[in-house]
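First comes the structure, then the notes that go with it.
The values are calculated or read from the model by the stated rules, or taken from the named source; none is laboratory data. For clarity, every value in this text was computed on a predicted model and none was experimentally measured. Methodologically, a virtual Cβ is constructed for each residue, glycine included, from the backbone with ideal geometry; neighbour enumeration extends over all protein chains shown. Ligands, DNA and RNA are excluded from the accessible area calculation, which covers all protein heavy atoms including side chains. Shrake-Rupley method; radii C 1.70, N 1.55, O 1.52, S 1.80 Å.
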Amino acid sequence: MQAVAVSFDIQSSRSYSSKEQLLTDLHQLADQLNDEFPAALVPFQIKSGDSLLGVFNEYAVSYPLMLMLLNQPLDGYIGIGFGQYETLSTTHA
C-alpha cells in the first residue's frame, strides 16, 4: 500500500528546559495533529523522546499537515517520506 510518513523532530531538544515539559508539548502537538488529521493509518506518536511520527495513505495530506507544523510554536524539522507501507498482514499471507 502506498503511504506517506510525516515526522517532526524538535530542534535542539537537548537544550529544552525539562524533559517533562518537552514530552508534555509533544503530547499536546500529537493530540492537535491527530484531531485535525483523523484519517491516519498510524496516528502521531512520540518517537525517540523528541519527535513525532504519523503515517497516512493519502499524499495530499502532507501539504496541509506541513503548513500546520510550520505555524505552531515549537521549533523543529519536518520530514516527509513516500513509499510502501507494509505490516505483517500485508507481507505474510
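For the chain, the longest principal axis of the C-alpha atoms and the axis of helix 19-36 are separated by about 40°. The alpha carbons of the chain stretch over 48, 26, 20 Å along the principal axes, in descending order. Probing with 1.4 Å while keeping every protein chain in the model, the per residue accessible area of the chain equals 64 Å². When the charge dipole of the chain is built from unit charges on Cβ atoms (+1 for Lys and Arg, -1 for Asp and Glu) and taken about the Cα centre, the candidate among P38, M66, V6 whose Cα reaches farthest toward its positive end is V6. Under 5 Å between amide hydrogens, built in the peptide plane, is the criterion, and for G76 it picks out Q11 among residues at least 5 positions away or on other chains. Averaging the Cα positions of each part gives two centres, and for the range 1-26 and the range 35-71 these lie 12 Å apart.
For the chain, with all protein chains in place and a probe radius of 1.4 Å, 52% of the accessible heavy-atom surface sits on carbon or sulfur.
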